[in-house]
Amino acid sequence: MAGDAQDTVWPLPKFYFQVKIGDKEGAFQEVSGLDVEAQVIEYRHGNSPEFSTIKMPGIKKFSNITLKKGVFKGDKSYWEWFSKIKMNTIERVGVTISLLDEGGAPVQTWTLKNAWPTKITGTDMKSDGNEVAVETLEVAHEGVTIG
């Protein structure tokens, strides 16, 4: 019957994921910024009969990764990691982001090379709010591999 194969194959849900920073597993609410782009180089050689440029791929550019997590009493590990930035020295670590199946096994992983924190945004506070306190960690890296 038409559609049988389609009925057994579904895209993965995006709400079940795991993040490991170095050797520690973190509990995050949201991960974004898994972007990569190849910058475009435009070139036209002098004897080209075409009245336009040739476009070729240039250097790859990776976006910073944004991680959002709840604020927990006594949890300052990411602030301590950020405070280690001193005069071009920083603790760089590998970060692994895994999309998990219903059994908790990684189905697809994004591994960031030489990651380090560039920005931490603390939670906003409202006297009439009833939301969970969430802080944001922005991480720069030198490349991503998908497995």
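Overview of results
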| read-out | value |
| --- | --- |
| Residues of the stretch 83-98 classified as open to solvent by 50 Å² or more (accessible area, probe 1.4 Å) and within 13 Å of Ile21 (Cα to Cα), total | 2 |
| Boolean, Thr96 is modelled with pLDDT of 95 or more, under 29 Å from Ala38 (Cβ atoms), over 11 Å from the mean Cα position of the chain (by Cα) and not in a loop (DSSP other than H, G, I, E, B) | no |
| Selection count, the stretch 41-79, where residues are of a type in the set (Asp, Glu) and modelled with pLDDT of 90 or more | 1 |
| Residue that is surrounded by the most Cβ atoms within 10 Å (Cβ to Cβ), among those in the stretch 99-147 that are closer than 21 Å to Glu37 by Cα and among the acidic types (Asp, Glu) | Glu138 |
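The values are calculated or read from the model by the stated rules, or taken from the named source; none is laboratory data. Note that the structure is predicted; figures quoted are calculated from it, not measured. Ideal geometry is used to build each Cβ from the backbone, glycine not excepted, and the neighbour counts take in all protein chains shown. Just the protein is used for accessible areas: all its heavy atoms, side chains included, with ligands, DNA and RNA removed. Shrake-Rupley method; radii C 1.70, N 1.55, O 1.52, S 1.80 Å.
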